[in-house]
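The values are calculated or read from the model by the stated rules, or taken from the named source; none is laboratory data. Note that the structure is a prediction, hence the values are computed from the model and not measured. Every residue, glycine as well, gets a Cβ built from its backbone with ideal geometry; the counts of neighbours run over all protein chains shown.
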Amino acid sequence: MSFEMPNSFVRREECKAALLSEMEYTEMARVLKALAVELGQETEAAIDELAHHGLGAALGVLAGQVGADVEPDYLKRRAQAQIAASRMQ
């Protein structure tokens, strides 16, 4: 029975890492969508880029639609979302 213990810890850590990764992706998508709405842009293109090519590409799509750099706004909103989430815990 003791030989199975290390394997159970590894599986637990893998599940925890996967959950944290999923939560981070969800937060990125929420913040990106809120930013797109605030800027008066369609959210579908940015979310599609996030899913297929990552955050940089999604911010690039928004920047192209708006004609300005949106990364500082994204980072500010992301920090605010993380602060709000930490207060809920």
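A few remarks follow.
- Residue pairs whose Cβ atoms lie under 7 Å apart, separated by 6 or more positions or on different chains, with the first residue in segment 50-62 and without any contact (Cβ under 8 Å) to a residue 12 or more places away in the chain and the second assigned to a helix (DSSP H, G or I), are ALA57/GLU49.
- Applying the criterion of being closer than 20 Å to MET23 by Cβ and touching a Leu at 6+ places or on another chain (Cβ under 9 Å) to the residues of segment 60-77, the residue that is surrounded by the fewest Cβ atoms within 10 Å (Cβ to Cβ) is ARG77.
- Within segment 51-89, being in a loop (DSSP other than H, G, I, E, B) and not acidic (Asp, Glu) holds for GLY54, GLY67, ALA68, VAL70, GLN89.
- In this structure, VAL37 qualifies as more than 13 Å from the chain's Cα centre (by Cα) and either at pLDDT 95 or above or among the hydrophobic types (A, V, I, L, M, F, W, C) (or both).
- Number of the condition not met by ASP48 [criteria: (1) surrounded by 16 or more Cβ atoms within 10 Å (Cβ to Cβ); (2) part of a helix (DSSP H, G or I); (3) not aliphatic (A, V, I, L, M)]: (1)
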